[in-house]
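The values are calculated or read from the model by the stated rules, or taken from the named source; none is laboratory data. Predicted model, so just to flag it, every value in this text is computed and none were measured. Quick reminder, even Gly has a Cβ in these numbers, built from the backbone with ideal geometry, and neighbours come from all protein chains shown. Just the protein is used for accessible areas: all its heavy atoms, side chains included, with ligands, DNA and RNA removed. Shrake-Rupley method; radii C 1.70, N 1.55, O 1.52, S 1.80 Å.
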Amino acid sequence: MWGGRFAEGPSAIMREINASIPFDKALWRQDIAASKAHVAMLAAQGIVSADDARAISEGLDRVAAEYEVNGVPENLDLEDIHMATESRLAALIGPAAGRLHTARSRNDQVATDFRLWVREACDQIDAGLEDLQRALVGRAEEHAGSVMPGFTHLQAAQPVTLGHHLLAYYEMLRRDRSRFADARTRMDECPLGSAALAGTGFPIDRDATAQALGFARPTANSLDAVSDRDFAIDYLQAAAQCALHLSRLAEELILWASQPFGFVRLPDALSTGSSIMPQKKNPDAAELVRGHAGRIVGCLTSLMVTMKGLPLAYSKDMQDDKPPVFEAHGLIALSIAAMTGMVTDATFRTDRMRAAAELGYATATDLADRLVRHADVPFREAHHITGAAVKLAESRGVALDALSLAELQAVDPRIDAAVHEALSVDASVAARASYGGTAPLRVREQVAAARKALGMES
């Protein structure tokens, strides 16, 4: 390819460092599609003959069929997927193949191919996240009234329902899906026709190629089009944020599956054993999801650092844009699938959850709230009174609702005879009926809204 300019071929080191075919061969479907759209436009504009265009298009179909069956051969001399495809096309149809590269450059080729790939990746991840949301909503509906301890600082804080807890992750994933959707909207512009950096003198129709490839419009600036990798960074940012959410859910399942908690039994199919301790059931899939988050964040950092100081337009550094995106996509897709399986098939031990909620004085806030509502006590004073009651219960080694009315009134006489009705965990969660609260009534409302948003209505 370089023969007209260089007296000598590249060294073995240059061949290896320069070649991207080992990883950019993943773009072969996108490269074939973009090439077919380009040659169809060239023919429509009278830039190449109809016969040559037909031969090129049919030849590209033959190349695609070979790739589908045998994969893309890795010839380092051909550098990348674009040259590999053009070389094979030339072997199949002869000199007419050389007309395919009219009015384009590898710079706008790769920018177009990569956008097409990332756009499809957004759609794949969105579909996976929707499946995980459906799993969460199904289990939340099942456990709308199942009481568990809610935690702050990993200390029992107030009783909540398991359904409410699971719907918190539904909301996180809803935001994640919106980030992928936003990224997809921004990348919906076609760079093809920008050529190397300045556009082309041929009378091309960029709207036609954009439409053929499913883009909303062509890019408006050729310099920006070939040097932009914002779309890849947007994807990685969305993937990194999503990975953080998956990691939080994974961490909770890991804790809940441990013997001190005993809140959940994870499915055997997503757990492993120990090589030496036969009693062990390790939550390895959840731990790997937690670990993958770090790698995905690393992929984002890698590409951001690569792009941070590059002048316009294209620099060879940008060849390293694809490996972090490919790696992150594989990891996030696998993590979503693993979490969907765990949520779907986990066995929640609601008896253990309820017992834990009844310990730790989790209904103390309900005593304070009752003093505010029924005895007109300022909340800060009610907080102090409740703290004294908790201290008394702790000294006796009993739950707060196990203290007698006389014992509670000895702490403060304004505590009324109906106080024990407010101190049960069921009364506590039922009282949290504000919009977005944990009351079973509210949880079921949110489940219904989520089912409607996901098209799950029967």
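Summary table below
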{"quantity": "Cross-chain or 6+ apart pairs with Cβ under 7 Å, region 343-369 first and free of Cβ contacts under 8 Å to residues at least 60 places away in the same chain, then open to solvent by 40 Å² or more (accessible area, probe 1.4 Å)", "calculated": "A368/F379; A368/H383"}
{"quantity": "Residue satisfying all of: in region 362-376; of a type outside the set (A, V, I, L, M, F, W, C) and assigned to a helix (DSSP H, G or I); surrounded by the fewest Cβ atoms within 10 Å (Cβ to Cβ) among these", "calculated": "R373"}
{"quantity": "Some residue of region 18-33 being within 22 Å of G193 (Cβ to Cβ), over 32 Å from the mean Cα position of the chain (by Cα) and either in a helix (DSSP H, G or I) or touching a residue at least 24 places away in the same chain (Cβ under 8 Å) (or both)", "calculated": "no"}
{"quantity": "Within region 377-458, helices (runs of 4 or more DSSP H) holding 1 or more residues that are of a type in the set (S, T, Y) and within 20 Å of Q158 (Cα to Cα)", "calculated": "379-396, 425-431"}
{"quantity": "Qualifying residue in region 158-166 (condition: over 30 Å from V305 (Cβ atoms), surrounded by 18 or more Cβ atoms within 10 Å (Cβ to Cβ) and at pLDDT below 95)", "calculated": "yes"}
{"quantity": "Residue match in region 188-200 (condition: part of a loop (DSSP other than H, G, I, E, B) and at pLDDT below 95)", "calculated": "no"}
{"quantity": "Matching residues in region 106-127 - criterion: being open to solvent by less than 20 Å² (accessible area, probe 1.4 Å) and either in contact with a Gly (Cβ under 9 Å, 6 or more places away or on another chain) or not hydrophobic (A, V, I, L, M, F, W, C) (or both)", "calculated": "D108, Q109, T112, D113, R115, L116"}
{"quantity": "Among the residues listed as A37, A12, the single one being closer than 25 Å to P218 by Cβ and of a type outside the set (V, I, T)", "calculated": "A37"}
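For (1) touching an Asp or Glu at 6+ places or on another chain (Cβ under 8 Å); (2) of a type in the set (A, V, I, L, M, F, W, C); (3) on the phi > 0 side of the Ramachandran plot, each residue gets a yes or a no:
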position	(1), (2), (3)
Y361	yes, no, yes
E381	no, no, no
A393	no, yes, no
A406	no, yes, no
E421	no, no, no
